[in-house]
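J.: One structure coming up, written as structure tokens, with questions to follow.
The values are calculated or read from the model by the stated rules, or taken from the named source; none is laboratory data. It should be emphasised that the depicted structure is a prediction, and the values quoted were computed from it without experimental measurement. Counting neighbours? That spans all protein chains shown, and the Cβs are built from the backbone with ideal geometry, glycine included.
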Amino acid sequence: MMKALFVTLVASLLAVTCPLWSAEYKTDLLEEMATAMKIDQQMKDLQEGIHWKRFSYNGKKLSVIIHDGRVDHIGIALFTPFQRRILGQKDIINFVERYMLECILPLKRPKSVDTKMREDKVVFRKGSLSYITDIVSSDTTYSFSSENRFGKQMIIQWSKESKPVCEVVFPIDFELLNGTNMLENERRIVEDLHRTKSVSITSVPLSADGMKRSIATGHYLYHGENYYTEQLNTNKYYEKDATGKLRLTCDSRFPLESVSNLMTTTAFRQDTDVNITLTKYGMKKENFKIKLGQLTSYMLKNGCKIFFGIMSFDGNKVTSEVIYKNESLGYHHVMKAEIDISILEGKEGTINARLTAYLPTSRLMYLFDELKI
């Protein structure tokens with residue numbers, strides 16, 4: 001009898017402290033919003049995909065998105081699933097829908113909505129918050145347009161019969177657009193890296209047309225983009241196999257070209273361990289290990305363009321700099337990595353790296369001086 005009572009008591013305590021029915025959320029803010037609207041328990045039963053106008057708050061229809069098994073978005077249903085596909089600006093659409101809902105929810109905030117919007121630098125040039133939440137949200141015939149101002153500011157506009165009726169301006173700032181702060185970002189990037197599955201998302205050109213061939217090595221260079229300097233780029237290096245088909249170079253005889261391919265694609269050696277020291281807010285550090293395939297897949301799936309540069313090479317080890325740039329969300333991750341070229345031959349080994357995450361793109365011009373790498 002006592003044993004059964006003890007088991008029941010323990011189970012009850014676990015149910016209170018660790019509810020098995022809780023949904024997973026992309027951010028803390030999304031969980032707070034779901035709780036405030038009392039729809040948090042319903043989130044756990046949703047299937048993968050977009051749930052448009054299935055939920056409401058104070059008469060306003062909502063858009064909820066489940067992605068990779070967790071709540072990825074909650075906002076006012078301003079855009080239909082069709083409009084989302086046509087416009088193709090997921091990050092901006094999610095921000096606008098979520099932010100407009102966030103402003104009218106009874107969340108625990110120390111400041112008024114007006115003060116919040118002023119500090120967030122979200123400005124209505126035409127229309128108002130109530131116009132969007134009351135009028136635009138109930139009429140999907142409004143046309144929508146956006147303008148990215150030099151990667152620093154976004155201007156969005158709704159029009160009716162070609163006449164602009166609402167215009168909003170806001171900064172391209174990751175913390176604002178994602179609804180997080182730096183402490184949460186640093187916590188979540190480690191969690192999300194570990195939950196990422198390595199996938200092959202590397203394409204190989206069908207021909208070498210337009211590529212430059214090295215006389216010294218025989219490699220074909222696909223010249224990509226440069227970032228800040230010519231040495232930091234998205235270049236890819238190819239060679240032809242016995243059948244004449246192009247393939248990405250992976251050969252210790254050509255270490256610099258191969259390491260560049262290794263760190264910017266998911267084509268080979270993706271089971272290699274990467275020992276990462278994450279430099280965190282307040283001069284703190286966190287050490288963790290991840291597979292290279294998970295790291296690169298995470299960055300590519302989250303819309304980052306990968307720039308790679310050689311810092312030094314001693315014949316056995318390449319010291320490099322990698323920048324993962326997300327233009328639409330206004331941030332970049334910066335990583336200094338040391339790679340033993342024996343990895344290229346399939347031998348066991350690790351990559352040692354130091355990562356600084358979520359640096360604002362606007363600070364790029366000071367990058368090398370600040371990080372001293």
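J.: Kindly establish whether residue 203 is in a loop (DSSP other than H, G, I, E, B), over 28 Å from the mean Cα position of the chain (by Cα) and at pLDDT below 90. Full working, then the answer.
T.: Numbers: in a loop (DSSP other than H, G, I, E, B): yes; over 28 Å from the mean Cα position of the chain (by Cα): no; at pLDDT below 90: yes.
Taking the combined requirement at face value, the residue does not satisfy it.
J.: Please go through the stretch 296-332 and pick out each residue that is aromatic (Phe, Trp, Tyr) and surrounded by fewer than 17 Cβ atoms within 10 Å (Cβ to Cβ).
T.: Selection gives 313 alone.
J.: Looking at 229, 180, can you tell me which residue is exposed (fewer than 13 other Cβ atoms within 10 Å of the Cβ), under 30 Å from residue 285 (Cα atoms) and of a type in the set (S, T, N, Q)?
T.: Within the list 229, 180, the selection yields 229.
J.: Something else about it: Kindly indicate which of 144, 95 is assigned by TED's automatic domain parsing to the domain that holds residue 33 and under 22 Å from the mean Cα position of the chain (by Cα). Write out each step before concluding.
T.: On the way: 144 fails: under 22 Å from the mean Cα position of the chain (by Cα).
Matching residue, one of 144, 95: 95.
J.: Can we say residue 217 is β-branched (Val, Ile, Thr) and either out of contact with any strand residue (DSSP E or B) (no Cβ under 8 Å at 6 or more places or on another chain) or outside any helix (DSSP H, G or I) (or both)? Quick ask: steps written out before the conclusion?
T.: Numbers: β-branched (Val, Ile, Thr): yes; either out of contact with any strand residue (DSSP E or B) (no Cβ under 8 Å at 6 or more places or on another chain) or outside any helix (DSSP H, G or I) (or both): yes.
Taking the combined requirement at face value, the residue satisfies it.
J.: Got a sec? Which strands (runs of 3 or more DSSP E) wholly within the stretch 282-346 have at least 2 residues that are of a type outside the set (A, V, I, L, M, F, W, C), out of contact with any Asp or Glu (no Cβ under 8 Å at 6 or more places or on another chain) and free of Cβ contacts under 8 Å to residues at least 60 places away in the same chain? Full working, then the answer.
T.: Numbers: elements: 284-291, 305-313, 317-326, 331-340.
Those strands (runs of 3 or more DSSP E) span 284-291, 331-340.
J.: Return the pairs, sorted by first residue and then second, in which the second residue is crowded, with 18+ Cβ neighbours inside 10 Å and of a type in the set (D, E, K, R), the first residue lies in the stretch 264-281 and is over 11 Å from residue 292 (Cβ atoms) and in the same structural domain as residue 320 (by TED's automatic domain parsing), the beta carbons are less than 6 Å apart, and the residues are 6+ apart or on different chains.
T.: Within 6 Å, the pairs are 280/186.
J.: Another one. Given (1) of a type in the set (A, V, I, L, M, F, W, C); (2) within 22 Å of the chain's Cα centre (by Cα); (3) modelled with pLDDT of 90 or more, where does residue 344 come up short, assuming only one miss?
T.: (2)
J.: Does at least one position in the stretch 279-295 carry a residue that is in contact with a Gly (Cβ under 9 Å, 6 or more places away or on another chain) and modelled with pLDDT of 90 or more? Can you show your working first?
T.: If we filter the stretch 279-295 for residues that are in contact with a Gly (Cβ under 9 Å, 6 or more places away or on another chain), which is where we start, we get none.
No, the stretch 279-295 has no match at all.
J.: Moving on. State which residue is modelled with the lowest pLDDT when the search covers only the stretch 240-250 and only residues that are surrounded by fewer than 20 Cβ atoms within 10 Å (Cβ to Cβ) and touching a strand residue (DSSP E or B) at 6+ places or on another chain (Cβ under 8 Å). I'd like the intermediate steps shown before the answer.
T.: Within the stretch 240-250, the subset surrounded by fewer than 20 Cβ atoms within 10 Å (Cβ to Cβ) is 240-247.
Add one more test, that the residue is touching a strand residue (DSSP E or B) at 6+ places or on another chain (Cβ under 8 Å), and what stays is 240-241, 246-247.
Numbers: 240: 88, 241: 85, 246: 91, 247: 91.
Here the residue is 241.
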